[in-house]
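Have a look at the structure below before the remarks.
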Amino acid sequence: MNTYELVLLLRNKEEINQIKDFLNKNKITLNKVDEWGEKVLAYKIKSLKKAFYYLLDISIENKNTLNLRKWLNYNDKVIRYLLLVKKR
């Protein structure tokens, strides 16, 4: 299993629960959640001026990484995301 950091920009605070449900269903281990709060965006994204920022520390098997990326790309509630591999 590899560990990753996932930074999310979400429209609403409640949408993190939907993300957590998806992670549980796909056997992705959620190690830590950091809520950075609502921040003003540097420029409008999808006509939004503000977003809720989250940092998730997760553990994934390689085969599930592709499923997570596809789901994040097609989820309209996720404004932007960044998925990084953590060094061991």
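Structure values in brief
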{"read-out": "Accessible area of the chain divided out per residue, in Å², using a probe of 1.4 angstrom", "value": "67 Å²"}
{"read-out": "Accessible carbon and sulfur surface of the chain relative to its total accessible area, %, 1.4 Å", "value": "48 percent"}
{"read-out": "Angle in degrees between helix 15-25 and the longest Cα principal axis of the chain, rounded to the nearest 10", "value": "10 degrees"}
{"read-out": "Cross-link reach list, lysines versus LYS49, counting only Cα pairs under 17 Å and skipping chain neighbours closer than eight places", "value": "LYS13, LYS39, LYS77"}
{"read-out": "Sites SER47 and MET1, calculated FRET efficiency, Cβ-Cβ separation with R0 30 Å, nearest 0.05", "value": "0.20"}
{"read-out": "With all protein chains modelled, accessible area of VAL78 [1.4 Å, Å²]", "value": "10 Å²"}
{"read-out": "Candidate lysines for bridging to LYS87, where Cα separation is under 25 Å - those fewer than 8 sequence places away on the same chain excluded", "value": "LYS20, LYS27, LYS32, LYS63, LYS70"}
{"read-out": "Choice from LYS27, LYS46, LYS77 with maximal GNM fluctuation in the chain (Cα, 10 Å cutoff)", "value": "LYS46"}
{"read-out": "Radius 11 Å from Cβ of LYS27, net charge of other residues (Lys, Arg +1; Asp, Glu -1)", "value": "+1"}
{"read-out": "Tail beyond 18 Å, pair distance distribution of the stretch 1-65 (Cα, percent)", "value": "40 percent"}
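The values are calculated or read from the model by the stated rules, or taken from the named source; none is laboratory data. Owing to the predicted nature of the structure, the values given are computational and were not obtained by experimental measurement. Heads up, the Cβs are rebuilt from the backbone with ideal geometry, glycines too, and the neighbour counts pull from every protein chain shown. Calculation scope for accessible area: heavy atoms of the full protein, side chains included, ligands and nucleic acids excluded. Shrake-Rupley method; radii C 1.70, N 1.55, O 1.52, S 1.80 Å.
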